[in-house]
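The values are calculated or read from the model by the stated rules, or taken from the named source; none is laboratory data. Computed from a predicted model, the values in this text were never measured in an experiment. Cβ placement follows ideal geometry from the backbone for every residue including glycine, while neighbour counts extend to all protein chains displayed.
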Amino acid sequence: MNTSSNLHRSGLILDRRRFLGLSALGISAAALSACGGGPSTSGGGTGAGAVEQIDFSGVKPAKEITFWTSNPGDSIKVSTEIVEAFNSSQSDITVKLVTAGADYEEIAQKFQTAQTGGDLPDIINLSDVWWFRYKMNDQIIPLDSLFEALEFETDDYVDSLLGDYLYDDAHWAVPWARSTPLFYYNKEHWKKAGLPDQGPESWEEFDEWKTKLASASGAKFAFQFPALAGYAGWTLQNNLWGWGGGWSKEASFDITCNSSEAVEALSFLKDWVYKDKVAGVAGVDQIQDFAAGVASATVGSTGDLITAITSAKFDVGVAPLPAGPAETEKICPTGGSGVGIPKDISPERQLAAGTFIKFLTEPEQAIKFSEATGYVPIRKSADPATIVKKTPQAQVAIDQLPNTRSQDYARVFLPGGDLEMANHMAAILTENKDVQAEMDSLKTALEKIYTDQVEPLI
């Protein structure tokens, strides 16, 4: 945690403690713009600007509610089964499942439109790069009083996954379709190259393997970078952290993407494409390319696990993300999506939504969802035995959870930051642009996003 007590505009250092300090001084545009006519509230902490938690005393849950999802991990079938199980388990609340978009961006756009149209859902599936925008815009509620009212076993959620949604000393979502990146490799290609049946311990070790793979495997690439639009900002955090860098400092808005460590990490990867000519970049879907034998290895989500195994005509190897020269212990970013509750609906609907979310994320449902999709179990008490029995490779994702780290603020808290990262990485990896120049430009873009879109709301 960054413990700086000052906001340095030149470096944009602003950590979670500083956010709390500013809130205590009442500097919160979101708080000032809170809509009238909402549910009754009570103070959720100390200080004039503490997050207000909703008081659910005496509230009766609504009879019918709507759950908007983008079906992450092709989850429509299992989500429907869970909704039907909830509806048949009691008679007080009926949940309607709605596919509100084909991906996280589409559902986010629909949710934004609903803010003025009035047709808000009661539960919203929100991704790692969207929930903070909703929080800043005062569009979702803090959930801690709901946890208390409904007796959520919050201690049983995987700490890093629930902790991802902690801001201003309040939780703004509950983990659901959560993932981490994994290293996928073609076991047949590994065998042809005379490599051990395991992933590399470090990226430097894979650097030693790549030439053997390129010459022995017959594949187009020894390694294929994931499609940049959805993966660059997310998965490359592992590489940046491994070299001692990051898009921004840990738990801070201090943008560091152009540091010497970051530039060295990205230059290392660029050399695979242009100097060594053993790597490429996926255009749309690296897992489908990998399954087709285009590349010997790639990085994908845990949510891709089932697809990779069922699509490939070879044995798929799965390993944790490799370490780097500075961060020698393997480290991995969290990812995926959770569920939240809109602010501008009645407390009755909010309470009903919370009741379903509690059911949706219970250990039994968490295992059922993980088994069907490949997403990681979100509850500590969830027994993964059935998942591992069906898909042994899933054990890798489960074992990697203790090594996860919350993502850089620059990616998940800056609106459009992820897209800027993808665009600049595309310039580096597909247009052979200079790494330092692109990262300098990226820093300028990210700082402008902070100044224009984040700073006015905090």
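Looking across region 347-386 at every residue that is farther than 21 Å from residue 321 by Cα and of a type in the set (Val, Ile, Thr), the one that is modelled with the lowest pLDDT is identified as 386. Condition check: assigned by TED's automatic domain parsing to the domain that holds residue 344, in contact (Cβ under 8 Å) with a residue 40 or more places away in the chain and out of contact with any Ser or Thr (no Cβ under 6 Å at 6 or more places or on another chain). Does residue 75 satisfy that? No, not satisfied.
For the subset of region 258-300 comprising residues that are of a type in the set (A, V, I, L, M, F, W, C), under 26 Å from the mean Cα position of the chain (by Cα) and assigned to a loop (DSSP other than H, G, I, E, B), which member is modelled with the lowest pLDDT? Within region 258-300, the match that is modelled with the lowest pLDDT is 284. Are any residues in region 387-428 of a type in the set (Ser, Thr, Tyr) and modelled with pLDDT of 95 or more, and if so, which ones? If the condition is that a residue be of a type in the set (Ser, Thr, Tyr) and modelled with pLDDT of 95 or more, then 409 is the only one that fits. Suppose the filter is closer than 23 Å to residue 282 by Cα, in contact (Cβ under 8 Å) with a residue 40 or more places away in the chain and surrounded by fewer than 18 Cβ atoms within 10 Å (Cβ to Cβ); does residue 373 pass it? Considered against the rule, which asks whether it is closer than 23 Å to residue 282 by Cα, in contact (Cβ under 8 Å) with a residue 40 or more places away in the chain and surrounded by fewer than 18 Cβ atoms within 10 Å (Cβ to Cβ), residue 373 comes out as no.
Taking the listed residues 174, 129, the one that is in contact with a helix residue (DSSP H, G or I) (Cβ under 9 Å, 6 or more places away or on another chain) and at pLDDT below 95 is 129, with no other qualifying. I want to confirm something. Restricting to region 190-223 and keeping residues that are assigned to a loop (DSSP other than H, G, I, E, B) and of a type in the set (A, V, I, L, M, F, W, C), which single residue is nearest to residue 300 (Cα to Cα)? Out of the qualifying residues, it is 222. Does residue 373 meet the test of being touching a Gly at 6+ places or on another chain (Cβ under 9 Å) and polar (S, T, N, Q)? When the stated conditions are applied, residue 373 passes them. Under the condition of being over 18 Å from residue 220 (Cβ atoms) and either surrounded by fewer than 24 Cβ atoms within 10 Å (Cβ to Cβ) or without any contact (Cβ under 8 Å) to a residue 12 or more places away in the chain (or both), the residues counted in region 297-315 number 5.
Working only within region 161-187, note down all residues that are surrounded by fewer than 19 Cβ atoms within 10 Å (Cβ to Cβ) and either among the acidic types (Asp, Glu) or under 30 Å from residue 312 (Cβ atoms) (or both). Passing the criteria: 169, 187.
The one condition from (1) under 30 Å from residue 55 (Cβ atoms); (2) touching a residue at least 60 places away in the same chain (Cβ under 8 Å); (3) surrounded by 22 or more Cβ atoms within 10 Å (Cβ to Cβ); (4) not hydroxyl-bearing (Ser, Thr, Tyr) that residue 363 does not meet is (3). For region 436-454, the criterion of being over 20 Å from the mean Cα position of the chain (by Cα) and outside any helix (DSSP H, G or I) is met by no residue.
Listed by first and then second residue, the pairs with beta-carbon distance under 8 Å, at least 6 apart or on different chains, first residue in region 333-346 and closer than 19 Å to residue 113 by Cβ and of a type in the set (D, E, K, R), second assigned to a strand (DSSP E or B) and at pLDDT 95 or above, are 343/140.
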